[in-house]
Amino acid sequence: MKTRSLVMIILMFILAAFAQQREAEPVTLQAISENLYQVLGGRGANGGAYIGENGVLLIDTKMTRESQQQVFDEIGKHTDLPIRYLINTHSDGDHINGNVFFPELTIIIAHENCRADFFKPNRRGEPSDWTTPAKIGFVPSLTFRDKMTLYLGEKHIELWYFGVGHTTGDAVVYFPEEKTAFLGDQVFSGRPQLIHSYKGGNSFQHVQTVQRMLDTLDAEKFCTGHSDILSRQDLQNHITEMKSLQDKIKQMVGAQKSLDEIKAAFEENEGRLIESIYSELKSR
């Protein structure tokens, strides 16, 4: 019993050390061009920052006040211009929780479906708290349906909506001069794609949406919430892998395999994606 207790204590210390290390990871700005940066580190997903002639545009936020302040501090090393725009690529907490730490004059922008998701219950069915007085002012106040263009001086930034995928409201932020697109969680790399079925996401439409984006934009770099910068070939490979996975599951569903039997044939970390594809096939 004493040995078991000692092992448990050691494990607790190890887990606490890992948690502290993650929290302590500093926010950094990875330069893509003279004015465009990928925001890395801190608590939360990767984001973006663009320093225009008359203001700053940020893409997504961190999850804690400390991490979001680090973002502001890093930007302050490059400019004293105000943060004029914040774009939420979608409504997951690791991309929007930091909204509440922004100046009230910052205009928060999202796709119209993303804004609607702010007010829906979460994956566990718990009600949204974005309707409370403390948070309602940090919900996106400006939305778009298909495309929007923003100007920060002479330079322009394009906001695109290509369709359902990770959720029903994933925005793509495109910088034509840098040929760089910020995708949020529309594409995962190095880990199974996450499809939020409870937010209307759909894996089959996801494949079509990513292909539509590639056919529309001449982007060469793709920044995502949870990976290194991707190339066009990386996204084409992603589409191929998704189609292959969907075909395998479709064959197993046709052979009357149960969900548990299908999941057992794949890696454990693919479980949520398998469930999404299975449910989509069974609902047809």
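Details
- Applying 1/(1 + (r/R0)^6) with R0 = 51 Å to the Cβ-Cβ distance of Lys248 and Glu177 gives a FRET efficiency near 0.80.
- For the range 52-91, the residues whose backbone nitrogen is under 15 Å from a point 7 Å from the Cα of Leu142, taken along Cα to Cβ, are 52-60, 82-89.
- Kirkwood Rh and Cα Rg combined as Rg over Rh, evaluated for the range 174-230: 0.98
- Cross-link check: pairs Lys221/Lys263; Lys199/Lys257; Lys135/Lys179; Lys120/Lys147; Lys62/Lys120; Lys135/Lys282 evaluated at a Cα-Cα cut-off of 29 Å; pairs beyond the cut-off: Lys221/Lys263; Lys135/Lys179; Lys135/Lys282.
- Förster-model FRET efficiency, 25 Å R0, Glu126 and Val100, C-beta, rounded to 0.05: 0.90
- Pairwise centroid distance, computed over Cα atoms, of the range 42-57 with the range 98-124, Å: 16
- Each Cα pair under 8 Å and six or more residues apart adds its separation to the average, and for the range 54-114 the resulting relative contact order is 43 percent.
- Shape annotation for the range 162-284: C-alpha extents along the principal axes are 51, 23, 21 Å, from largest to smallest.
- With the simple model of a label 7 Å out from the Cα in the direction of the Cβ, Glu66 to Ser189 spans 3.0 nm.
- Relative contact order computed over the chain (Cα-Cα under 8 Å; 6+ residues apart), in percent: 12
- For the range 121-141, the residues whose backbone nitrogen is under 13 Å from a point 7 Å from the Cα of Glu275, taken along Cα to Cβ, are 123-125.
- In this structure, Glu154 and Ile107 have a Cβ-Cβ separation that, at R0 = 25 Å, corresponds to a calculated FRET efficiency of about 0.80.
- Extension gain from Ser197 to Gln233, taking 0.36 nm per residue of separation minus the Cα-Cα distance: 10.3 nm
- DSSP-defined antiparallel bridges as percent of all bridges, the chain, nearest 5: 65
- Alpha carbon convex hull of the range 26-232, projected area averaged over orientations, nm²: 10.6
- Ranked Ser279, Ser258, criterion: other C-beta atoms within 10 Å, fewest first: Ser258, Ser279
Readers should treat all values here as calculations from the given coordinates under stated rules, not as data from a laboratory. Note that this is a predicted model, so its numbers are computed, not measured. Quick reminder, even Gly has a Cβ in these numbers, built from the backbone with ideal geometry, and neighbours come from all protein chains shown.
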